[in-house]
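**Student:** This is the structure, below, for whatever I ask next.
The values are calculated or read from the model by the stated rules, or taken from the named source; none is laboratory data. Since we're looking at a predicted model, the values are computed, not measured. Virtual Cβ from ideal backbone geometry, glycine too; neighbours counted across all protein chains shown.
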Amino acid sequence: MGNLAPILPEVILGIAAIFLMLFAAFARRGSSATHWLAVLALLGACVALAGAPQESGRIFGGMFAADGFAAFGKLIIFLSAAVAVIMAHGWFDREFEHSGEYPVLILLSAIGASVMVSATDLMMLYIGLELQSLSAYVLASYRRHDARSAEAGLKYFVLGGLASGILLYGISLLYGFTGATSFTGISAAFAGGSIGFGLIAGLAFTLAGIAFKIAAVPFHMWTPDVYEGAPTPVTAFFASGPKIAAVLLGTRVCLDALGPATDQWRQIVIFAALASIVLGAVAAYGQTNIKRLLAYSSINNVGFALVGLAAGGQGGAQAVLFYSAVYVVMTLGAFLCVLRMRDADGRPMESLSSLSGLSQTQPLLALALAMFMFSLAGIPPLFGFWPKLMVFNAAVDAGLLPLAIAAAVLTVVGAYYYLKIVKIMYFDEPTGAFQRVREPVQTALIVACALFVSPLGYLLINPIGRLAANAASIF
Amino acid sequence: MIFLPLFAALACLFVRAEAARWIALGATLALFVLGLVLWAGYDPAGAQWQFVERVSVGGRYLNWALGIDGIALMLIMLSVFLMPICIGASWRAIERRVPEYMAAFLLMEALMIGVFAAQDLLLFYIFFEGGLIPMYLIIGIWGGVERIKASYKFFLYTLLGSVLMLVAMLVMIATSGTGDIPTLMAYDFAPGLQYWLWLAFFASFAVKMPMWPVHTWLPDAHVQAPTAGSVILAGVLLKMGGYGFIRFSLPMFPEASAQLWPLVFILSSIAIVYTSLVALVQADMKKLIAYSSVAHMAFVTFGLFAFNRQGIEGALIVMLSHGLVSGALFLCVGVIYDRMHTREIAKYGGLANNMPGYAVLFLLFTMAAVGLPGTSGFVGEFLAMMGTYALSTWGAIFATTGIILGAAYMLYLYWRISYGEARTADAKAMTDLTSREWLLLAPIAAVVLWMGIYPESFMAPMRADVGRVLARVERTAPAGDSRPTRGNPALATAAATEHGGGEAAH
């Protein structure tokens, strides 16, 4: 049993998932008990995270690490999963009967994601990734009678399968040339001898597979379609938990397993970072659907996180972690606001033009969304500015000044479309009002997220910074 | 002092229009009184930094560090003085969404005070950039027809300039290990690095200032913004650029400044002549004043990079004076705009007949903008040009040309608006200033005259700080070698008198 203590959070979630599956089968239809139990399980897992021994090192033959880095990532994942479950409350009840499986799938996906951030072996990495992805495919097509949702699921599945194949190919190459699947072994092999073409190819394929999950350019194509088609709570979850898991997984792979080959992967990461920032900013211009727009925004933001990764070292990892934490709050906040966009019959609305004049019909909602937008754009005094600064700072410290300058200048390009949303809400005349929704928990979450991104968030710099520094200290 | 407007802004959001107006007015007046207390409590002979407070927020990067020196004090005074006037100017002009409007203005005020009081690099940046958001909303929501284009242009232009500064700040922190402004002001960066840092800061401040050729956002923003927005934009936001030069560029990068002053002079010369000529042909009053702002700011850059006491003190006075005068001119435009709802010069005429009070005040401010002795404009421009002349004759020649052209376009504007026959019946029917408008314009007029007649009261708090900047520049930059200065004070004075005489003749 002592051996299981480090994976206590996963155990809790696993048991909860199985129990809830049975519970949902017998529970009254439309009952929201499953949702709240799932939230409870996720919060319990967060508590277990604090209780689990952090310095237990690697277990299961060095395949799994329950260290500070993993704990930081899991905290983000579990909390965002909990928010995703809360978001679904009142969403599916209304238009979809089988809401019981939703929290179960989210739980399973969260387990997969948490295995991803803990993986210190290519096999474990793959298991976590697939567990997370398979649940995600189902979630994307959750509203199976809706053509867009079904399309999203299928598209995600096919492209995701392809990405998994590429990843496996990369893994096989790495294994073939180093003779090891554990990160330590690979790292030793890279440090040991000259780095041949086979290793480089393996490295590139592995990173490509991970880049797909992160939705970094040039492996981003699925993102807008899937984000648009999937039900909004699912989209919010995709944009937060699993994405962060993949970013952190990439961080661990690059800094741990491929640490000695920094020069080789750095070019790839820099390219992916800049390309993501540019494409995320430019492609969002013509969008009229807010979910598509947020998809591009997530591509854009992940590019900035990758800038931190490119910087490498402890400072870079710290910046990535900080960025992830703040990004998740901003994104979830924005999606919580999107959830409120319903027409008079309660049907969801997604077009940007439906937001017009929101500041006059629902000023507080507009204010919150405007704060998230400015924050995502990284405009001070909102808190979204700080992680961008950390990322630039990491790049400057690592001697990548041109990268920092390029990324900083590109924030201006990205700012344009965030401003566009603010413009629509504040400058345009109202065309119609949204239905008012009574969801006190969601409202509280919006308020909490808004307070987090407000200048009050700066008070959290030290606590989050300490956690991130502790988490990054393993590299 | 920063928190008071923030709370007031929050309060405004939750009340109705009339109450919001009173809250905003009360808060800004209270801040003005606080400003006066600050001024009274400031000891010009005392320490460089007074009223210092410091709390660590973000580890080694970010500190909540505030404190002011004489220069910051005067600029804060300018902000808190103009703010109640802005609120008053919007009393009736803004009818739509008043609570949000007042909240945006109060937020703006908090950020402006923060910019001038910040003692930490990143804190400065946060305040500096934060000002974009309320201004974007003010232009975009309550602006004119082309407001959306103007607001985007304003936002993106300024942001683009600033991000380079941000990276430069990070480099500075990485090199020196601190973000503390007073420490950095005495820190010697390697000359090669200084060069790049200077350029990055220059990019930001030149846009904010604005200098030619990055001034194009300004006319749009001014024309589209509501009157009070223009006042704040011209009165205070433009001063942030000048403040940045004197707080960062000169003391932190003295070598680079000594090396790059020709660039500043060339750009300023072009700006002065070019924008003055552009101003001459404007048909829109606000646009004319906007272009004149660009020209006046060129005096500031001239003076600041003259590396001598007259130049820098003159530049500071020009900043204060221009803040008041251009603010007042925008208010004057606002007064007649509220009556006629057009800014086209051709629609007016003969206002001296039916609006005598207005004509007198407008004349006063026109003269101050021209630089008539006895008004604040004269003191600043005269000193700035004296300083310029000591460094570069050519610079002084262009600057003087600017003064002549300035007189031309301002007097031409005044002539078309106030004299002759009223060109439309509406213009003839306009009534003179209301008591509210008197209350707004009279204090500015008083201060303009005060500054023109006894500038010492405004210069005294800044003198020691200018001295410190000079010491910093003199000590590290052997600028004397690279300057084509004649070095003869008698000669400089003689030349300056000549200019002064030329001006009096206008």
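**Student:** Of the residues that make up the range B:89-97, is at least one touching a helix residue (DSSP H, G or I) at 6+ places or on another chain (Cβ under 8 Å) and within 12 Å of chain A (Cβ to nearest Cβ)?
**Tutor:** Within the range B:89-97 (the criterion being touching a helix residue (DSSP H, G or I) at 6+ places or on another chain (Cβ under 8 Å) and within 12 Å of chain A (Cβ to nearest Cβ)), the answer is yes, since at least one residue qualifies.
Residue-by-condition table, conditions (1) closer than 28 Å to A:Y137 by Cα; (2) part of a helix (DSSP H, G or I):
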| position | (1), (2) |
| --- | --- |
| A:A211 | yes, yes |
| A:V217 | yes, no |
| A:Y227 | yes, yes |
| A:P242 | yes, yes |
| A:G250 | yes, yes |
| A:L255 | no, yes |
| A:T262 | no, yes |
| A:A273 | yes, yes |
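**Student:** So which of B:L440, B:L391 is modelled with pLDDT of 80 or more and either of a type in the set (A, V, I, L, M, F, W, C) or closer than 25 Å to B:M77 by Cβ (or both)?
**Tutor:** Residue meeting the stated conditions: B:L440.
**Student:** Can I ask one more? If B:Y136 meets every condition in (1) crowded, with 24+ Cβ neighbours inside 10 Å; (2) within 14 Å of chain A (Cβ to nearest Cβ); (3) in contact (Cβ under 8 Å) with a residue 24 or more places away in the chain apart from one, which number is that one?
**Tutor:** (3)
**Student:** Additional query: Considering (1) surrounded by 23 or more Cβ atoms within 10 Å (Cβ to Cβ); (2) touching a residue at least 24 places away in the same chain (Cβ under 8 Å); (3) within 10 Å of chain B (Cβ to nearest Cβ); (4) of a type outside the set (S, T, Y), say which one A:F372 fails and leave the rest.
**Tutor:** (3)
**Student:** Checking the structure you have, find out if any residue of the range B:145-168 is surrounded by fewer than 20 Cβ atoms within 10 Å (Cβ to Cβ), more than 11 Å from every other protein chain (Cβ to nearest Cβ), over 30 Å from B:Q194 (Cα atoms) and out of contact with any Phe, Trp or Tyr (no Cβ under 9 Å at 6 or more places or on another chain).
**Tutor:** yes
**Student:** Moving to a separate point now. Got a sec? Which of A:A406, A:A395, A:A415 is at the interface with chain B (Cβ under 9 Å from one of its Cβ atoms) and more than 21 Å from A:G333 (Cβ to Cβ)?
**Tutor:** Step by step, each of A:A406, A:A395, A:A415 is checked, and only A:A395 is at the interface with chain B (Cβ under 9 Å from one of its Cβ atoms) and more than 21 Å from A:G333 (Cβ to Cβ).
**Student:** Is the range B:474-490 home to any residue that is among the hydrophobic types (A, V, I, L, M, F, W, C) and modelled with pLDDT of 80 or more?
**Tutor:** Scanning the range B:474-490 turns up no residue that is among the hydrophobic types (A, V, I, L, M, F, W, C) and modelled with pLDDT of 80 or more.
**Student:** Is it fair to say B:L218 is more than 9 Å from every other protein chain (Cβ to nearest Cβ), farther than 30 Å from B:S56 by Cβ and buried (at least 23 other Cβ atoms within 10 Å of the Cβ)?
**Tutor:** Yes; evaluated as a whole, the condition is true for this residue.
**Student:** I want to confirm something. Restricting to the range A:418-450 and keeping residues that are over 22 Å from B:I148 (Cα atoms) and among the polar types (S, T, N, Q), which single residue is nearest to the other protein chains (Cβ to nearest Cβ)?
**Tutor:** Per the stated criteria, the residue is A:T443.
**Student:** Further question: Out of the residues in the range A:209-262 that are more than 21 Å from A:L131 (Cβ to Cβ) and of a type in the set (S, T, N, Q), state the one that is surrounded by the most Cβ atoms within 10 Å (Cβ to Cβ).
**Tutor:** Filtering first and then ranking leaves A:T232.
**Student:** Just to be sure before I move on: is A:G192 at pLDDT below 85 and among the small types (G, A, S) in the structure I sent?
**Tutor:** It is true that A:G192 is at pLDDT below 85 and among the small types (G, A, S).
**Student:** Only one of (1) among the aliphatic types (A, V, I, L, M); (2) in contact with a Lys or Arg (Cβ under 7 Å, 6 or more places away or on another chain); (3) without any contact (Cβ under 8 Å) to a residue 40 or more places away in the chain fails for B:V281. Which number is that?
**Tutor:** Single failed check for B:V281: (2).
**Student:** So B:A9 ticks every box in (1) away from chain A (no Cβ under 14 Å); (2) at pLDDT below 75; (3) surrounded by 15 or more Cβ atoms within 10 Å (Cβ to Cβ) but one. Which box is left unticked?
**Tutor:** (1)
**Student:** Looking at the structure I just gave you, is A:L382 without any contact (Cβ under 8 Å) to a residue 40 or more places away in the chain and under 19 Å from B:I138 (Cα atoms)?
**Tutor:** Here the answer is no, as A:L382 does not meet what is asked.
**Student:** Separate question: Confirm whether B:H215 is outside any helix (DSSP H, G or I) and either among the acidic types (D, E) or out of contact with any Cys (no Cβ under 9 Å at 6 or more places or on another chain) (or both).
**Tutor:** Considered against the rule, which asks whether it is outside any helix (DSSP H, G or I) and either among the acidic types (D, E) or out of contact with any Cys (no Cβ under 9 Å at 6 or more places or on another chain) (or both), B:H215 comes out as yes.
**Student:** I'm checking my understanding of the structure. Among residues of the range B:169-199 that are in contact with a helix residue (DSSP H, G or I) (Cβ under 6 Å, 6 or more places away or on another chain) and outside any helix (DSSP H, G or I), which one is farthest from the other protein chains (Cβ to nearest Cβ)?
**Tutor:** Per the criteria, the residue is B:M185.
**Student:** A follow-up question, please. Is there a residue being out of contact with any Cys (no Cβ under 7 Å at 6 or more places or on another chain), of a type outside the set (D, E) and at positive phi anywhere in the range A:158-178?
**Tutor:** No.
**Student:** Moving on to the next point. I need every pair where a residue in the range A:173-198 that is aromatic (F, W, Y) has its Cβ under 7 Å from the Cβ of a residue that is surrounded by fewer than 14 Cβ atoms within 10 Å (Cβ to Cβ) and assigned to a helix (DSSP H, G or I), sequence separation at least 6 or different chains.
**Tutor:** As it stands, the answer is A:F177/A:G198, since those pairs meet every condition given.
**Student:** Now for a different question. Go through the range B:327-375 and give me each residue that's outside any helix (DSSP H, G or I), at negative phi and within 26 Å of the chain's Cα centre (by Cα).
**Tutor:** Within the range B:327-375, B:T342, B:R343, B:E344, B:L372, B:P373, B:T375 qualify.
**Student:** Among the residues of the range A:358-371, is any in contact with a Ser or Thr (Cβ under 9 Å, 6 or more places away or on another chain) and either closer than 30 Å to A:A469 by Cβ or aromatic (F, W, Y) (or both)?
**Tutor:** yes
**Student:** Kindly indicate whether B:L383 is in contact with a helix residue (DSSP H, G or I) (Cβ under 8 Å, 6 or more places away or on another chain), closer than 30 Å to B:A429 by Cα and assigned to a helix (DSSP H, G or I).
**Tutor:** no
**Student:** Another one. Which ones in the range B:332-342 are in contact with a helix residue (DSSP H, G or I) (Cβ under 6 Å, 6 or more places away or on another chain) and either among the polar types (S, T, N, Q) or modelled with pLDDT of 80 or more (or both)?
**Tutor:** B:C332, B:V333, B:G334, B:V335
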